[in-house]
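Inspection log for the structure reproduced underneath, given as structure tokens.
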Amino acid sequence: MDKTAAKTEVYAKLNLALDITGTDKEGYHLLDMINCTVGVCDTLAVSRAPKISVTMDGKPCGAENTAYRAAEAIERLSGVALAVDIVKGIPFGAGMGGSSADASAVLRYAADEGLISRADAEDAARGIGSDVVYMMTGGMMRARGRGDVLTPLPQKNITLAIVRRQTGASTAEVYRMFDKIGGSGAGIDAVLDKAAPRYNVLERPAIELCPDIARLKEEMRRAFGDAVMTGSGSAVCSVVDDREEAERVLSQRFGDCPFAVVTETVPFGLRRL
């Protein structure tokens, strides 16, 4: 990383519950979610540069990368090019918002540095991904609309075990499958009122595409008594009471998984180092 660049940790997102309530006039799915950010993060170094450049774990990225697209939006709005260096800590293909997190960090940098307004940053975020606006703030939120209509919820200190065994299907594939076979849940109001358990309506289509998610969810449920997939998969998260015991269980039962952690919720989406 460039030692003179502004360094930021940007935290992973979990959907404690996720519902789809319909589609809007443009065909986008309307979401209703309970979101939180947790202590798993990417680290970004951002600085002004003669031209846009983005690297991830030392490898150059192009316009397929959300941070690159955020930098393009900033250059269009401000005329300033940015160099971005990303060190990944959030796993790929997990439903934990890793790509959205990186874009949110670049946009927040530009807003905090006065290159663009916060409103312009949020408008750019909406054009990049449904989670990006949320991840510029993070914390406990109810997220509706396309994921960008945010209502703060009381911040809670929740300990979670999170496991991803294999990369899931793409988000687009999972939503297309949802359109074919649907999903079910009691409604987010019922979850918030503790009248219904946590759920994710994307589990059924994600499992149709990646059956191992069902096996992982059942193993997590047996281990911790609670297990729900986050996002479009493939990570599964469980609320746990005893961190030390959960770490022991993860080590014994899920030690062969490429990503298995116990962590806590954090009240923010980003932290400048």
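Residue-wise test of (1) in contact with a helix residue (DSSP H, G or I) (Cβ under 9 Å, 6 or more places away or on another chain); (2) within 22 Å of residue 36 (Cβ to Cβ); (3) surrounded by fewer than 18 Cβ atoms within 10 Å (Cβ to Cβ).
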{"residue": "67", "(1), (2), (3)": "yes, no, no"}
{"residue": "134", "(1), (2), (3)": "yes, yes, no"}
{"residue": "143", "(1), (2), (3)": "yes, yes, no"}
{"residue": "151", "(1), (2), (3)": "no, yes, yes"}
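Within the range 177-199, identify whether any single residue is polar (S, T, N, Q), within 19 Å of the chain's Cα centre (by Cα) and either outside any helix (DSSP H, G or I) or surrounded by 19 or more Cβ atoms within 10 Å (Cβ to Cβ) (or both), and answer yes or no. So that I can check it myself, show each step before the final result.
At the first step, the residues of the range 177-199 found to be polar (S, T, N, Q) are 184.
Pick out the ones that are also within 19 Å of the chain's Cα centre (by Cα) and you get none.
Checked against the condition, which is being polar (S, T, N, Q), within 19 Å of the chain's Cα centre (by Cα) and either outside any helix (DSSP H, G or I) or surrounded by 19 or more Cβ atoms within 10 Å (Cβ to Cβ) (or both), the range 177-199 yields no hits at all.
Assigned by TED's automatic domain parsing to the domain that holds residue 53, of a type outside the set (Ser, Thr, Tyr) and more than 22 Å from residue 24 (Cβ to Cβ): is that true of residue 105 in this structure?
Details: assigned by TED's automatic domain parsing to the domain that holds residue 53: yes; of a type outside the set (Ser, Thr, Tyr): yes; more than 22 Å from residue 24 (Cβ to Cβ): yes.
When the stated conditions are applied, residue 105 passes them.
Among the residues of the range 119-157, write down those that are over 13 Å from the mean Cα position of the chain (by Cα), part of a helix (DSSP H, G or I) and of a type in the set (Val, Ile, Thr).
If the condition is that a residue be over 13 Å from the mean Cα position of the chain (by Cα), part of a helix (DSSP H, G or I) and of a type in the set (Val, Ile, Thr), then 128 is the only one that fits.
Among the residues of the range 247-273 satisfying the criterion of being under 22 Å from the mean Cα position of the chain (by Cα) and aliphatic (A, V, I, L, M), which is farthest from residue 137 (Cα to Cα)?
Applying the filter and picking the extreme gives 250.
Which members of the range 176-215 meet the condition of being in contact with a His (Cβ under 9 Å, 6 or more places away or on another chain) and free of Cβ contacts under 8 Å to residues at least 60 places away in the same chain? Steps first, answer last, please.
Start the filter on the range 176-215 by keeping residues that are in contact with a His (Cβ under 9 Å, 6 or more places away or on another chain), which leaves 178-179.
Answer for the range 176-215, where residues must be in contact with a His (Cβ under 9 Å, 6 or more places away or on another chain) and free of Cβ contacts under 8 Å to residues at least 60 places away in the same chain: just 179.
Kindly evaluate residue 84 against the criterion of being closer than 23 Å to residue 236 by Cα and of a type outside the set (Gly, Ala, Ser). Full working, then the answer.
Working: closer than 23 Å to residue 236 by Cα: no; of a type outside the set (Gly, Ala, Ser): yes.
For residue 84, the condition - closer than 23 Å to residue 236 by Cα and of a type outside the set (Gly, Ala, Ser) - is not met.
Against the conditions (1) in contact (Cβ under 8 Å) with a residue 40 or more places away in the chain; (2) of a type outside the set (S, T, N, Q); (3) farther than 25 Å from residue 92 by Cβ, where does residue 149 fall short? Just the number, please.
(1)
Wholly within the range 1-64, which strands (runs of 3 or more DSSP E) include no fewer than the required count, namely at least 3 residues that are in contact with a helix residue (DSSP H, G or I) (Cβ under 8 Å, 6 or more places away or on another chain) and touching a residue at least 40 places away in the same chain (Cβ under 8 Å)?
Numbers: elements: 6-23, 29-49, 53-56, 59-61.
Passing ranges, in order: 6-23, 29-49.
List every residue pair whose Cβ atoms sit under 6 Å apart, with the two residues 6 or more apart in sequence or on different chains, where the first one lies in the range 255-267 and is closer than 12 Å to residue 166 by Cβ and the second, anywhere, is of a type in the set (A, V, I, L, M, F, W, C) and in a strand (DSSP E or B).
Qualifying pairs under 6 Å: 257/163.
I'd like to verify a number: residues in the range 65-94 that are aromatic (Phe, Trp, Tyr) and in a helix (DSSP H, G or I), how many?
Restricting attention to the range 65-94, the residues satisfying the condition of being aromatic (Phe, Trp, Tyr) are 68, 92.
Of the ones still in play, those that are also in a helix (DSSP H, G or I) are 68.
Residues in the range 65-94 being aromatic (Phe, Trp, Tyr) and in a helix (DSSP H, G or I): 1 in total.
Which of the residues that make up the range 200-219 are closer than 23 Å to residue 255 by Cα and under 20 Å from the mean Cα position of the chain (by Cα)?
Going residue by residue through the range 200-219, those that are closer than 23 Å to residue 255 by Cα are 207, 210-219.
Scanning the range 200-219 gives 207, 210, 213, 216, 217.
Take the conditions outside any strand (DSSP E or B), of a type in the set (Gly, Ala, Ser), modelled with pLDDT under 95 and not assigned by TED's automatic domain parsing to the domain that holds residue 31 and apply them to residue 172. Does it pass?
yes
I'd like the full set of residues that are surrounded by 22 or more Cβ atoms within 10 Å (Cβ to Cβ), β-branched (Val, Ile, Thr) and free of Cβ contacts under 8 Å to residues at least 60 places away in the same chain, limited to the range 69-115.
74, 84, 86
Every residue in the range 197-213 that is touching a strand residue (DSSP E or B) at 6+ places or on another chain (Cβ under 8 Å) and charged (D, E, K, R), please.
Correct list: 198, 203.
The values are calculated or read from the model by the stated rules, or taken from the named source; none is laboratory data. Since the model is a prediction, treat every value here as computed from it, not as a measurement. Using ideal geometry, Cβ is built from the backbone for each residue, glycine included, and neighbour counts are taken over all protein chains shown.
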